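K.L.:
My questions will all concern the structure given below.
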Amino acid sequence: VVHHDGDTTPWPYEDRCFDVVLLSFVLHHIGRAEVLRFVLSEAARVARAGVVVLEDQPRAARTPGLCRLASAITAQHFEPFGQDPAVYMRNIRSDARWAELFEEAGLRVQATVPVPGSLQHPVPHTLFRLEP
């Protein structure tokens, strides 16, 4: 586990030292574009077989009402981290934009898997399977 606090200090690991790197619901909490690029590049550097990313996609909800609900829940979840929802909701990117960012970091999208919301948690997600 790497605790990353918004800087661009290289991760203390050799190239290709992990089979898989998992970035689960973290990328949309990175506020600065240069730090996001750095994190993705470091994940690509240390992964031998792949990188798995799981991200919120509230705009992918099945109906307009569920979309509004999922977006409201997603916006609210930034507050415990001291992050302004009005700012950080901009980091909820489309699947296409995520794919562009992954490619820029040297990661190829192998699969994009939609994960639908549920009654308990109506926010849909996308799982990206990436290859360095």
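K.L.:
Per the 1.4 Å probe, what fraction of the accessible area of the range 63-113, in percent, lies on carbon and sulfur atoms?
P.N.:
Looking at the range 63-113 in its full context, I get 57 percent from C and S.
K.L.:
While we're on this one: Using unit Cβ charges (K, R positive; D, E negative) and no other charged atoms, how large, in debye to the nearest 20, is the dipole of the chain about its Cα centre?
P.N.:
Working: 13 positive and 16 negative charges, 98 e Å.
Value, rounded to 20: 460 debye.
K.L.:
Let me ask something else about it. Per DSSP H run of at least 4 residues, take -39500 (n - 2.57); add these up for the chain, divide by its residues and hand me the 222 nm value, nearest 500 deg cm²/dmol. Walk me through the numbers on the way to the answer.
P.N.:
Details: 4 runs with 41 residues, N = 132.
Calculated from helices alone, the mean residue ellipticity at 222 nm is -9000 deg cm²/dmol.
K.L.:
Given a 1.4 angstrom probe, what's the average accessible area per residue across the range 7-132, in square angstrom?
P.N.:
55 Å²
K.L.:
Then there is this: Write down, largest first, the equivalent ellipsoid semi-axes of the chain in whole Å, where each equals the square root of 5 times an eigenvalue of the alpha-carbon gyration tensor.
P.N.:
Whole-Å semi-axes of the equivalent ellipsoid: 26, 17, 12.
K.L.:
Within the accessible area of the range 6-57, what % is carbon and sulfur when the probe is 1.4 Å and the other protein chains stay in place?
P.N.:
Carbon and sulfur: 57 percent of the exposed surface of the range 6-57.
K.L.:
Along the range 52-62, what does the Karplus equation 6.51 cos²θ - 1.76 cosθ + 1.60 (θ = phi - 60°) give for ³J(HN,Hα), rounded to whole Hz, x for Gly and Pro?
P.N.:
Once rounded to whole Hz, the list reads 10, 10, 10, 9, 5, 9, x, 6, 8, 4, 5.
K.L.:
Given a cut-off of under 8 Å on Cα pairs at least six residues apart, what relative contact order in percent is computed for the chain? If you can, show how the numbers build up before the last one.
P.N.:
On the way: 217 pairs, mean separation 38.0, N = 132.
In percent, rounded to a whole number, it is 29.
K.L.:
Between residue 95 and residue 79, what is the spin-label point distance in nm, taking each point 7 Å from the Cα along the Cα→C-beta axis?
P.N.:
3.1 nm
The values are calculated or read from the model by the stated rules, or taken from the named source; none is laboratory data. Since the structure is predicted, the reported quantities are computational estimates derived from the model, not experimental observations. Note that we place each Cβ from the backbone using ideal geometry, even for glycine, and neighbour counts take in every protein chain shown. Heads up: the accessible areas ignore ligands, DNA and RNA and are worked out on the full protein's heavy atoms, side chains in. Shrake-Rupley method; radii C 1.70, N 1.55, O 1.52, S 1.80 Å.
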